[in-house]
Every structure is written in C-alpha cells, then in structure tokens.
Amino acid sequence: MSGKVAVVTGAARGLGRAFTEALLKRGDKVCFCDVDVQQGKQTENELKKNFGDDNVQFLPCDVQKDEEFKDFFNRVIQKYNTVDIMVNNAGIMNENQWRTTIDINLTAVIHGSLLAMNHMKNKSTGGGLIVNVSSLAGVMPVSFCPAYTASKHGVIAFSRSWALQPELKRNRIRITCLCPSFADTDIIKGTDDRVHGPELARMVMKQYGLMVFPYPNDQTLYFEIVVSTLNPYYVAFDSENSHLYWTGRTLGKINRCNPNGSDPTTIVDVSIPVALTLDTHNSTQNSIALHKVTFDGKANQVVVNLTAWPIDIEIGMSVIYMLIKLKYYRYHIMSV
Ligand SMILES: NC(=O)C1=CN([C@@H]2O[C@H](COP(=O)(O)OP(=O)(O)OC[C@H]3O[C@@H](n4cnc5c(N)ncnc54)[C@H](O)[C@@H]3O)[C@@H](O)[C@H]2O)C=CC1
Ligand SMILES: CCCCCC(=O)/C=C/C=C\C/C=C\C/C=C\CCCC(=O)O
C-alpha cells in the first residue's frame with residue numbers, strides 16, 4: 001500500500017498527526033487539514049523536516065463547512081492527481097455543543113467518505129481505502145458523553161451500511177472504522193465542562209488506562225491490521241486475509257488465527273490498551289459458509305460463530321455483560 005496519496009482530516013495534533021506520520025513512514029504522500037491553522041502550520045514544518053517538503057502538506061479547512069471541505073479535497077487532487085487513502089479523523093467531544101459534535105464527528109465523516117468514494121470510483125487506477133475514525137464509544141453506550149457516543153455509533157452504522165454496497169467492492173473501495181480506546185490526546189484533557197459526570201469519566205479513564213502515542217511498532221496505525229482491545233470481548237475479522245482477531249484477558253493482548261481456528265498466535269502482548277478496528281469491508285461475496293470456531297484461551301474460552309456471507313460484526317452488550325459474569329465469552333459475527 002505504500003507510495004499512495006493520503007488525506008487526513010484534523011491532523012494538526014493527536015491521533016490525526018500520528019496517522020499522518022505512520023503513512024509518511026510507509027512512503028505515502030499526505031495532505032492534511034485542520035481548523036487550527038497555527039498548529040497545522042507548525043506540524044507541517046516539523047513533518048517536512050523529517051519527511052521532505054514534497055511529501056506532506058497542510059491546508060486549513062473546517063470540515064463542518066461543506067464548501068471548504070470540498071475545496072480542500074479538490075486541491076489535494078489538483079496537487080497530487082489522486083487520493084488513495086482518506087482518513088476521516090477530525091473530531092471533538094463536547095456535550096454542551098452537541099449539535100457541533102454531531103456536525104464534526106458524523107456529518108463531516110459522511111461528507112468526507114462520499115467525497116472520497118466519488119473520486120475513488122471514477123479514477124482510472126480504481127479503488128482506495130477510507131478510514132473513518134470512530135471510538136469504542138461507537139460500539140457501546142457511554143453515559144457521560146451521549147451525543148459523542150451517538151456520533152461515533154453513527155460513524156460505524158454509516159460505514160457498515162456502505163460496506164454492504166456491491167458497488168464498493170466492484171470499485172475496489174475498502175471502508176474501515178477505527179475504534180480506539182482512550183488515547184492520551186487533547187480531546188480527553190479538561191473534559192470536566194464537556195461531559196456529564198466528569199468524576200465517572202475520570203474514574204473510567206483511570207480504570208482502563210490511556211493509549212500512548214506513538215504506539216510501539218505502529219501496530220495501531222497499521223490500517224490493514226484488524227485488532228481489538230479493552231476487554232476480552234472484542235473480536236474482529238479481517239476480510240482481506242481472513243484472519244480472526246481476539247483479545248486476551250489483559251489490555252493490549254491480541255491474538256490471531258486462521259478462520260478454521262488453526263495457527264493461533266499472539267501478535268501483540270503489551271501492558272497498554274490498543275485500538276479496536278472494525279473491518280466493515282464485507283468483500284467476501286464468495287461464501288464463507290457456516291464455521292464454528294472454538295478457541296481455548298489461557299483463562300477463558302472464546303467462541304466465534306461465523307454464519308454466512310457477507311460477514312459483519314455485531315456486539316450485543318447485554319449478552320456480553322451476562323457472559324462476562326459467567327466468565328464465558330461468546331461473539332457473534334452475523335450475516336446481514
Ligand atoms: N483520544 C481519544 O481518547 C480518542 C479519540 N478518538 C477520536 O479520534 C479522533 C482524533 O481525536 P484526538 O486526536 O484524540 O483529539 P485531538 O483533539 O487531539 O485532535 C483533534 C483534531 O481535530 C481538529 N478538528 C476539530 N474540529 C475540526 C474541524 N471542524 N475541522 C477540521 N479539524 C478539526 C482539531 O483542531 C484537532 O487538531 C476524533 O475523531 C476522536 O473522536 C476516538 C477514540 C478515543
Ligand atoms: C472523555 C471522553 C473521551 C472521548 C474520547 C473517546 O472516544 C474515548 C473512548 C474510549 C472508550 C469509551 C468506551 C467505553 C468506556 C468504558 C466504560 C464506560 C461505562 C461507564 C458508563 O458510562 O456508565
């Protein structure tokens with residue numbers, strides 16, 4: 001995948017900057033935008049020093065503003081002729097500004113995805129990768145930030161729904177959601193006046209810990225890898241190489257095996273949390289018919305049911321909570 005042209009939104013700092021650096025390290029060219037112009041320029045200067053003037057460019061853009069976003073995207077195409085990877089990362093967390101939260105975290109992600117899809121399906125070389133940054137708050141309810149959580153659920157629902165479109169596969173466009181746990185960036189700083197129940201927010205963050213960036217070996221930034229975390233109940237399926245991934249008992253332990261359960265391997269074993277990526281690319285039009293895979297992990301058993309194609313991931317929280325109590329974890333990868 002290296003040697004591609006990538007766009008990253010909201011990359012003046014934080015995860016967006018980390019994604020940008022990871023892409024640059026692979027040899028991609030990156031054009032990033034941000035509403036924070038001063039920070040954007042500073043980041044651009046720093047990255048240019050490390051990766052070369054021609055490989056990285058910052059353009060100011062507020063993704064909430066439709067015309068600005070469209071212009072930004074078109075300017076990237078004018079400069080580099082193409083966009084191969086689109087990372088819709090810009091996001092805020094502010095329950096007092098819930099409408100803006102939805103506008104940036106969800107509406108702009110939809111807009112960015114559509115801009116990318118329209119371009120990717122028409123370009124002569126065809127295809128591309130869209131990475132929509134959701135959150136673990138996109139797969140579970142979080143009482144202290146309901147609007148944020150709704151926006152992140154929306155990102156997953158939008159991405160999964162598009163992933164079901166045969167048109168996407170036909171045009172070789174892959175759409176992926178990245179669902180990080182708490183990461184040590186500005187979004188979680190000074191949350192007191194931006195969340196309902198700051199004490200609970202602090203307690204939860206303390207309990208779960210923070211991801212550290214840059215992540216060792218760039219594991220979380222390697223978009224092709226589908227991994228999971230936080231608790232042992234997240235399982236992911238990578239439709240590109242058919243691997244199944246599941247977490248261990250501790251944060252940061254990620255295992256992988258083949259779809260038939262063979263070759264179970266621990267690919268990450270660290271004491272810090274890592275990110276969950278839901279791979280929404282249901283490219284498997286050739287049937288993966290009824291598998292039942294059982295793993296015997298060290299502490300607990302994990303059962304994965306693959307039903308029929310296309311593959312998608314459904315996590316039922318109430319069932320999960322019940323099974324956690326029983327120390328027995330069951331995951332459903334449903335046909336939809
Ligand atoms: N840090 C965390 O714990 C987690 C973060 N995320 C998501 O990761 C993404 C990146 O967040 P972080 O790097 O953590 O936060 P951050 O606050 O460090 O970075 C967000 C960046 O987006 C930019 N931005 C905000 N509104 C914008 C707009 N309208 N137009 C253009 N740029 C805009 C900001 O200026 C900033 O540079 C967000 O979508 C966030 O929801 C998801 C899960 C966990
Ligand atoms: C403080 C807001 C952080 C925003 C950044 C973000 O997206 C981080 C998400 C990380 C995890 C969120 C998911 C789960 C939190 C775990 C349990 C919450 C349950 C407690 C409750 O809400 O009642």
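The values are calculated or read from the model by the stated rules, or taken from the named source; none is laboratory data. Note that the structure is a prediction, hence the values are computed from the model and not measured. Positions of Cβ are backbone-derived with ideal geometry, glycine not excepted, and every protein chain shown enters the neighbour counts. Accessible surface areas use protein heavy atoms only, side chains included; no ligands, DNA or RNA. Shrake-Rupley method; radii C 1.70, N 1.55, O 1.52, S 1.80 Å.
Using 1/(1 + (r/R0)^6) with R0 = 41 angstrom and r between the beta carbons of Asp193 and Lys121, what's the FRET efficiency to the nearest 0.05?
Values: r = 43 Å, r/R0 = 1.05.
For R0 = 41 Å, the calculated efficiency reads 0.45.
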Starting from the Cα of Gln78, move 7 Å in the Cα-to-Cβ direction to define the label point; list residues of the range 37-61 whose amide nitrogen is under 17 Å from there.
-> 57-61
Long-range HN-HN contacts of Val8 with modeled amide H, under 5 Å | Cys31, Phe32, Cys33, Val87
Under 5 Å, built H, 5+ apart or other chain: amide partners of Arg174 = Gly128, Leu129, Ile130
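Taking a 31 Å limit on the Cα-Cα distance, which of the listed pairs Lys152/Lys206; Lys49/Lys70; Lys29/Lys206 fall beyond it?
Values: Lys152/Lys206 22 Å; Lys49/Lys70 28 Å; Lys29/Lys206 37 Å.
As for pairs spanning more than 31 Å Cα to Cα, those are Lys29/Lys206.
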May I ask you to give the percent of accessible area on the range 1-52 that is carbon plus sulfur, with a probe radius of 1.4 Å?
-> 43 percent
Whole-Hz ³J(HN,Hα) from phi, Karplus 6.51 cos²θ - 1.76 cosθ + 1.60, for the range 113-125, glycine and proline x | 5, 5, 4, 5, 4, 4, 6, 5, 6, 9, 6, 5, 6
Ratio of Rg to Rh over the range 1-59 (Cα coordinates, Kirkwood Rh, two decimals) | 0.92
